[in-house]
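The values are calculated or read from the model by the stated rules, or taken from the named source; none is laboratory data. What you see is a predicted model; the values in this text were computed from it and never measured. Reconstructed Cβ throughout: ideal geometry from the backbone, glycine too, with neighbour counts over all protein chains shown. Heads up: the accessible areas ignore ligands, DNA and RNA and are worked out on the full protein's heavy atoms, side chains in. Shrake-Rupley method; radii C 1.70, N 1.55, O 1.52, S 1.80 Å.
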Amino acid sequence: MKSEFLKFRSLPTPRYSGLFLLAAVALGTFIVYKNGSFDSSAFQAAISLPSMIVALILGAWIVGVEYGQNTLRQVLSSDPSRSRLVVSKVIVLLVVLTVAVVVLFVLAYLLFSLVSESTMNYRDFQGTLVVTIIDNAIYATIGLAFGFIAKSMAGAVTLSLVFFFVIDGIFTLIPKIGQYSIGKAIAAFNTSI
């Protein structure tokens, strides 16, 4: 697992993803400043949606980087347990995403409170945070699965984005089938929390 954390610390894709998330929080802060107040929808727009896209990209990246640099054979020759490799990638990915989301939510709450006259109750804050963490875990794991299917980062990111924004969107429009789409399932789960 140490090598997986090292990839997050040293390679550029996680850094650019972090900068994108910080820019989204800055944009959200500007919007809250203009509106004068904030609620859970401000967190959803500033953090939840951008972090969902980052979760898909990082899920695809953590596998695609192995294929792209031809290091998967070396990793598996030193430790041939494929299940241990997948589990360590998933654990590291979820830990990094969870820590990033918690830090971004706290930062956004502080910034939003500074630029507006209102505050948000703790229950709404906590609920939005938990839903975002769970959603990111789902999106990152599916991005990782597409990484193993596509065997490249670009292919996995493309498949993930097309799957969630096109195919799943089309399925939600089909009567009787739409209720079983991933987007509807996640939305139903989120409202139950």
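Would you mind listing the helices (runs of 4 or more DSSP H) fully within the stretch 45-160 where at least 3 residues are open to solvent by less than 40 Å² (accessible area, probe 1.4 Å)?
Numbers: elements: 49-68, 72-78, 82-115, 122-150.
The helices (runs of 4 or more DSSP H) meeting that bar are 49-68, 82-115, 122-150.
Among the residues of the stretch 1-43, write down those that are within 20 Å of Thr119 (Cβ to Cβ), touching a residue at least 12 places away in the same chain (Cβ under 8 Å) and basic (Lys, Arg).
Within the stretch 1-43, none qualify.
If I ask for residues that are surrounded by fewer than 22 Cβ atoms within 10 Å (Cβ to Cβ) and assigned to a helix (DSSP H, G or I), which ones from the stretch 26-41 would you list? Explain how you work it out, then say what you get.
So in the stretch 26-41, the residues surrounded by fewer than 22 Cβ atoms within 10 Å (Cβ to Cβ) come out as 26-27, 29-31, 33-37, 39-41.
Within the stretch 26-41, Ala26, Leu27, Thr29, Phe30, Ile31, Tyr33, Lys34, Asn35, Ser40, Ser41 qualify.
A quick yes/no check of all residues on (1) charged (D, E, K, R); (2) closer than 21 Å to Ser17 by Cβ:
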site	(1), (2)
Glu66	yes, yes
Ser81	no, no
Ser88	no, yes
Ala100	no, yes
Val106	no, yes
Leu129	no, yes
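Have a look at Val96, Val86 and point out the one that is under 17 Å from Ala150 (Cβ atoms) and modelled with pLDDT of 80 or more. Even if it seems obvious, please write down each step before you answer.
Values: Val96 fails: under 17 Å from Ala150 (Cβ atoms).
Result of the check over Val96, Val86: Val86.
Quick check: anything in the stretch 41-61 of a type in the set (Gly, Ala, Ser) and either in contact with a strand residue (DSSP E or B) (Cβ under 6 Å, 6 or more places away or on another chain) or farther than 27 Å from Ile182 by Cβ (or both)? Don't jump to the end; show me each part of the working.
Going residue by residue through the stretch 41-61, those that are of a type in the set (Gly, Ala, Ser) are 41-42, 45-46, 48, 51, 55, 59-60.
After this cut, where a residue has to be either in contact with a strand residue (DSSP E or B) (Cβ under 6 Å, 6 or more places away or on another chain) or farther than 27 Å from Ile182 by Cβ (or both) as well, the list is none.
No; the residues of the stretch 41-61 include none that is of a type in the set (Gly, Ala, Ser) and either in contact with a strand residue (DSSP E or B) (Cβ under 6 Å, 6 or more places away or on another chain) or farther than 27 Å from Ile182 by Cβ (or both).
Could you grab me the full set of residues in the stretch 57-72 that are among the aliphatic types (A, V, I, L, M) and touching a residue at least 60 places away in the same chain (Cβ under 8 Å)? So that I can check it myself, show each step before the final result.
Just the residues of the stretch 57-72 that are among the aliphatic types (A, V, I, L, M), to begin with: 57-58, 60, 62-63, 65, 72.
Those that are among the aliphatic types (A, V, I, L, M) and touching a residue at least 60 places away in the same chain (Cβ under 8 Å): Ile57, Leu58, Ala60, Ile62, Val63, Val65.
Just one of the numbered conditions (1) closer than 25 Å to Thr71 by Cα; (2) touching a residue at least 60 places away in the same chain (Cβ under 8 Å); (3) open to solvent by 60 Å² or more (accessible area, probe 1.4 Å) is not true of Ile193; which one?
Unmet condition: (1).
Could you please find all residues in the stretch 1-20 being farther than 16 Å from Ala100 by Cβ and surrounded by 12 or more Cβ atoms within 10 Å (Cβ to Cβ)?
Met1, the sole residue that qualifies.
Report whether or not Val166 is modelled with pLDDT of 85 or more, under 15 Å from the mean Cα position of the chain (by Cα) and at negative phi.
So Val166 does not fit the description; no.
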